[in-house]
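The block underneath contains the structure these notes are about, expressed in structure tokens.
The values are calculated or read from the model by the stated rules, or taken from the named source; none is laboratory data. Being a predicted model, the structure only gives us computed values, none of them experimental. Reconstructed Cβ throughout: ideal geometry from the backbone, glycine too, with neighbour counts over all protein chains shown.
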Amino acid sequence: MPENTKVICITCPKGCRLDVTREGDTILKVDNCGCKRGEEYVKAELADPRRMVATTVKVHGGVHPLLPVYTAKPFPKPRIRELLDALSKVELKTPVAMGDVVIKDALGTGIDILASREMKPAAG
Amino acid sequence: MANKETYDVVVIGAGPGGLAAAIAAMQNGARDVLIIERDLEPGGILLQCIHNGFGLEIFKQDLPGPSYAQKFIDDAISSGVELLLDTMVLDITPDRRIFTASRKGGIREIKARALVLAMGCRERTRAQVRLPGTRPAGVYTAGTAQRWVNVEGYMPGKKFVILGSGDIGMIMARRLTFEGAKVERVLEVMPFLTGLTRNYVQCLLDYDIELQLQHTVKRIIGNKRVEAIEAVAVDEKWEPIPGSEEIIPCDTLLLSVGLIPENELSRKAGVILDPLTAGPFVDDRFETSVPGVFAAGNVVHVYDLVDWVTQAGFVSGKAAALYAVEQEHKAEKKILICSGENVHHVVPQHVCADSLKGADIKLQLRVKQPVETAVWVEVRKGANLVSRRAERYARPGEMITLRLPVKAYDEVQSADELTVAVVKR
Amino acid sequence: MTQNFDVIIIGGGIVGSMMARSLSRYKLSILLIEKETDICMGATSGNSAFVHAGYDPVPGSLKAYTNVEGNELYEQLSIDLGFDFERNGDYVVAIGQEDVPALERLMAQGKRNGVPGLEMISGMELLKREPLVNPEAVCAMWAPSGGTCDPFGANIAACENAIQNGVQVMLETEFLDFILEGSRITGIRTNRGEYLCRWAVNAAGLYADDVMHKAGLRPEFKIQPRRGEYYVLDEAEIELKPCFFPTPSTAGKGILVAGTVHGNVIIGPNAEVIEDKEDRAVTSAGLQEVICGAKKIIPSLTLRPVISLFAGLRAYGNAPCENPGVDYGHDFIIEIPSKIQGLVNLGGIESPGLTAAPAIAIRVIEMLKDAGEKLEEKKDWNPVRQRRPRFRHLSMEERANLIRKDERYGRVVCRCEMVTEGEIVAEIHAPLPAHTYDAIKRRTWLGTGRCLGGFDLPRVVNILSRELEVSPLEVSKKGPDSEFLTGTTKPGMTWGAEG
């Protein structure tokens, strides 16, 4: 039974409201695209939605108790909660350099979690 | 380090605007450059904007705020810019004497041959949107909540209602959800989204957070701590529609209702402010009405992408350095840029004709009303078209850039004023 | 801590604090109790800050006497106690001919009350002096003795001066009942235990009726909270110094437009009698009323420069004036009742309560002497309370010296109001300590500027946490159940190393 889904394309800021007709995992039709990229976006978004994820982890010895971190590449959306839970257990120590790998190959996805900034040991 | 009495260029604010200005000043002949920053670290608001989305234009990368800031901090330091941190500017005189206060340095007077104002903006408050109700704990602007969550590690609440569909509010909706809170509702008084669609999808839709357009907070309920929000629907005139009230239990109200350029110091320096932007009148080099005083970034008008703030910083920093070294102010003809049909404001508000000899001049504007069909963004001298650009749509939440091309020099330099308009195609 | 006092004052508002300060001159052991986490959280916390000239109250009433007497005292008080006071005068404006008879009656009333310097001026003269006033103003009464003050400053300063002179103050201490021996009050019962006294002073503001009823007094006396809403407008956008009133009607003084000691402009209040003695909500209807009323006097006013809105509650009582021949049903109660021994009973202290407070204290002392109380003056009574430095008001050189003494004065925490860490720390450890954000706000004006605390709030929370040696999660806006933060983002986090 074909079903209809609405998807907002975010490839560019225009944000076309796409009408997607699909049957199971097969996409039959994509209407309302402003350009070709809409169809590709829908395919990726429905098959394997990914997002950049940013959060903080505990750090000791710095001027702040938290260090911001982010996924080096867009991360599988269904596993974001799992990733956040894993990161909530991480504890780092200064010094940390920007780009340091905080978790390598997080949850076996091949995607590293990186430090967003450096954090030096706090003076005194 | 950072203890001279006079500098060629002094920059106030070590956010993206200030950092870019300082770097450009150093690269364009300034002999010494000082940035004065009130926080303990440079980086400005970017330090708490830990989400991605920065640098897409300038670096072709999707960076988090602190990383974007760090690139410029490293550049600034390696190029010899001096930093005065944990220092508040108390006063600036029109002859560019700056008075500062800090724990370590006490009171200092610093003279600047050229000054760049890069103080950014503050958030609109509960009082400025006149929210009725009680005054309990638990009413915060989104930025204050963001500092707590992302920098200091505190949760300001457990159950949230967010007023305003601006980017900061939507970003915080997702952030708070990540940290285990429940965001009950986002209310927006306009009939359209005021932030980016990308954020609506990735912050609200992704987490099933309901957005109600044409809704606002009727009153705040709760004596010691927020206990609920009474939401209400409004019409096009923002008048509440009786009978549409809904009490939403929550313990925190987050306000994301707009940013206001922070120009207290600019006023003290004698800089004339544009009531449309709440920022200084500037020309294409971002010089204000006071010779030798320049401005860059959100202090001029609120930008949507930090990449454009950086570009503005580069332009103003270079101009400040040239001014500091040459120490003369050429009396140049300036052409006024007026806001025409559907244009809320344009920056710069005037341009130096001579600038067009060397390069295109960028005009940046925001529309008043959204248009979801194709538009022309035009600059006209009277009825004559000087330059125009096609856009697929125009929204108040997304800044539009239009260029005055070099080839329009003759037309422009003979004009007293030009008008920018956004019309349907 | 002794449990036995000569005098216990119930309530730490302006009336109770001025009372404590005046009584501290004598060799008496005095306790002041306040049910909230700080003084000045009741009626004194929400008003126009105006020190009225005294033409409004009905002649012969206690309101009239204490208003005019109190007004005269404010100059010296502000110098002795170290709080802001400015005598900029006020205008009562007649918009249109129909207002004129009422205005003339008001002037006559003012003269009967002994208000100095009253003068009727023409509309043209008014416009010359104050060009922003409604050009339809026909004439105005000029009252040069009207003034404005910092009500928090006055309340806190009076209380601190009292403490300096030996008064004990207990916060979060709520009056529950009197201890009676026959018809004599010998003490009070509070949520923190029992305290004995020879005299109890009822200065309980909005709750003065409940307190006196516990002594079986004046069962017919009732206080109804009258809520008034206010807007504060940004000093950078509109400049007005004196206070402007409309010609009063039966509804009351009307909606005023006034300069504040801070340089801002305040407009309000409306007047709505409500039920709940703790309901300080601002309402859209009330705020509408305020801006409409204010525009009648200053038509160019808009709401663009609003930086704050709040509501205050007045203790509107129904006590008839005790002066025979004066027909007025809402006078102050200032009495030592005969039915009961050991009580000074103050009730219904609404406007002009702020102005009248010092005069009420003087009257009470006279009444105590008449009642046979021997009041022996202390030789070392110090009427002067040294004001703590306000960075904002100092010259650059004074600021530099201050920072050299204590570097914490070098860190500006509230940018809009230029309040430094040194000042905040000083208030946290003052004789009457500030332990909540609002308490610091009342003392320093931090967080009342354009950004309304957006920048300073996280920093103040950290300072309070550090100075009080508690977790930031325990720092509150106005006492228990108003904490700002609900948890940390990571389990087991300790707060940062930020100095």
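Look at (1) away from chain B (no Cβ under 14 Å); (2) in contact with a Leu (Cβ under 9 Å, 6 or more places away or on another chain); (3) crowded, with 16+ Cβ neighbours inside 10 Å; (4) not acidic (D, E) and you find that C:H330 fails only one, number (2).
When you check C:Q97 against the structure, is it under 30 Å from the mean Cα position of the chain (by Cα), of a type in the set (S, T, N, Q), surrounded by fewer than 20 Cβ atoms within 10 Å (Cβ to Cβ) and on the phi < 0 side of the Ramachandran plot, yes or no? Answer is no for this residue. The residue list C:E474, C:E397 contains one member that is out of contact with any Asp or Glu (no Cβ under 7 Å at 6 or more places or on another chain), at negative phi and charged (D, E, K, R), which is C:E397.
So that you can scan it fast, the table gives a plain yes or no per residue for (1) surrounded by fewer than 23 Cβ atoms within 10 Å (Cβ to Cβ); (2) touching an Asp or Glu at 6+ places or on another chain (Cβ under 8 Å):
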| position | (1), (2) |
| --- | --- |
| C:I428 | yes, yes |
| C:P431 | yes, yes |
| C:C451 | no, yes |
| C:E467 | yes, no |
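Among the residues of segment A:51-90, those identified as of a type in the set (K, R) and either without any contact (Cβ under 8 Å) to a residue 12 or more places away in the chain or within 11 Å of chain B (Cβ to nearest Cβ) (or both) are A:R51, A:K58, A:K73, A:K77, A:R81, A:K89.
Screening C:A359 with (1) in a helix (DSSP H, G or I); (2) surrounded by fewer than 24 Cβ atoms within 10 Å (Cβ to Cβ); (3) touching a Phe, Trp or Tyr at 6+ places or on another chain (Cβ under 9 Å); (4) within 14 Å of another protein chain (Cβ to nearest Cβ) gives one miss only, at (4).
Of all residues in segment B:118-134, those being among the aliphatic types (A, V, I, L, M) and either at the interface with chain C (Cβ under 7 Å from one of its Cβ atoms) or surrounded by fewer than 23 Cβ atoms within 10 Å (Cβ to Cβ) (or both) number 2.
Residues considered: C:E427, C:E469. Of these, the only one that is more than 7 Å from every other protein chain (Cβ to nearest Cβ) and either under 20 Å from the mean Cα position of the chain (by Cα) or among the aromatic types (F, W, Y) (or both) is C:E427.
Scanning segment B:265-281 for residues that are in contact (Cβ under 8 Å) with a residue 24 or more places away in the chain and charged (D, E, K, R) yields B:K268, B:D274. Of the listed requirements (1) farther than 30 Å from B:P66 by Cβ; (2) in contact with a Cys (Cβ under 8 Å, 6 or more places away or on another chain); (3) at the interface with chain B (Cβ under 10 Å from one of its Cβ atoms), A:V7 misses just one: (2). Selection over segment A:7-28 of residues that are surrounded by 13 or more Cβ atoms within 10 Å (Cβ to Cβ) and farther than 24 Å from B:Y393 by Cα gives a count of 3. Starting from residues that are assigned to a strand (DSSP E or B) and modelled with pLDDT under 80, keep the ones in segment C:224-255 and report whichever is surrounded by the most Cβ atoms within 10 Å (Cβ to Cβ). Selected residue: C:G252. Would you check if there is a residue in segment B:38-56 being part of a loop (DSSP other than H, G, I, E, B), at pLDDT 95 or above and away from chain A (no Cβ under 14 Å)? Yes: segment B:38-56 contains one or more residues that are part of a loop (DSSP other than H, G, I, E, B), at pLDDT 95 or above and away from chain A (no Cβ under 14 Å). For segment B:136-163, the set of residues classified as among the basic types (K, R) and facing chain C (nearest Cβ under 7 Å) consists of B:R147, B:K158, listed by residue number. Listed by first and then second residue, the pairs with beta-carbon distance under 6 Å, at least 6 apart or on different chains, first residue in segment B:393-411 and closer than 18 Å to B:S339 by Cα and of a type in the set (K, R), second surrounded by 20 or more Cβ atoms within 10 Å (Cβ to Cβ) and modelled with pLDDT under 90, form an empty list. Here is a check on your reading of the model: is C:S183 out of contact with any strand residue (DSSP E or B) (no Cβ under 8 Å at 6 or more places or on another chain) and not hydrophobic (A, V, I, L, M, F, W, C)? So C:S183 does not fit the description; no. Is there any pair with a first residue in segment C:441-470 that is closer than 14 Å to B:A145 by Cα and a second that is assigned to a helix (DSSP H, G or I) and charged (D, E, K, R) whose Cβ atoms are under 7 Å apart and which are 6 or more apart or on different chains, and what are they? Listed by first residue and then by second, the contacts come to C:P458/B:R147; C:P458/B:E152. Across segment B:165-187, a minimum of one residue is classified as outside the structural domain of B:L305 (by TED's automatic domain parsing), of a type in the set (S, T, N, Q), under 17 Å from B:I50 (Cα atoms) and not in a strand (DSSP E or B).
Where strands (runs of 3 or more DSSP E) sit wholly within segment A:55-110, none has at least 3 residues that are hydroxyl-bearing (S, T, Y).
Among the residues of segment C:362-389, those that are assigned to a loop (DSSP other than H, G, I, E, B) and crowded, with 18+ Cβ neighbours inside 10 Å comprise C:R385, C:P389. Among the candidates B:I73, B:I77, B:I98, which residue alone is β-branched (V, I, T) and in contact with a helix residue (DSSP H, G or I) (Cβ under 7 Å, 6 or more places away or on another chain)? Every option except B:I73 fails the conditions.
Scanning segment B:135-146 turns up no residue that is crowded, with 24+ Cβ neighbours inside 10 Å, hydrophobic (A, V, I, L, M, F, W, C) and in a loop (DSSP other than H, G, I, E, B). For B:L265, the test of being hydrophobic (A, V, I, L, M, F, W, C) and surrounded by fewer than 18 Cβ atoms within 10 Å (Cβ to Cβ) is failed. For C:V306, state whether it is within 25 Å of C:C139 (Cβ to Cβ), more than 19 Å from the chain's Cα centre (by Cα), within 14 Å of another protein chain (Cβ to nearest Cβ) and surrounded by 18 or more Cβ atoms within 10 Å (Cβ to Cβ). Answer is no for this residue. Evaluate the following for C:G454: is it assigned to a loop (DSSP other than H, G, I, E, B), within 21 Å of the chain's Cα centre (by Cα) and either away from chain B (no Cβ under 13 Å) or within 30 Å of B:E179 (Cα to Cα) (or both)? It is false that C:G454 is assigned to a loop (DSSP other than H, G, I, E, B), within 21 Å of the chain's Cα centre (by Cα) and either away from chain B (no Cβ under 13 Å) or within 30 Å of B:E179 (Cα to Cα) (or both). Could you give every pair whose Cβ atoms fall below 9 Å, whose first residue belongs to segment B:215-229 and is more than 8 Å from every other protein chain (Cβ to nearest Cβ), and whose second residue is surrounded by 23 or more Cβ atoms within 10 Å (Cβ to Cβ) and among the polar types (S, T, N, Q), counting only separations of at least 6 or pairs across chains? Between residues of segment B:215-229 that are more than 8 Å from every other protein chain (Cβ to nearest Cβ) and residues that are surrounded by 23 or more Cβ atoms within 10 Å (Cβ to Cβ) and among the polar types (S, T, N, Q), the close pairs are B:V226/B:T252. Filtering segment C:91-102 to residues that are under 19 Å from C:P299 (Cβ atoms) and not in a loop (DSSP other than H, G, I, E, B) leaves C:Y91, C:V92, C:V93, C:A94, C:I95, C:Q97, C:E98, C:D99. Looking across B:D251, B:D284, B:D304, one residue alone is within 14 Å of chain C (Cβ to nearest Cβ) and in contact (Cβ under 8 Å) with a residue 60 or more places away in the chain. It is B:D251.
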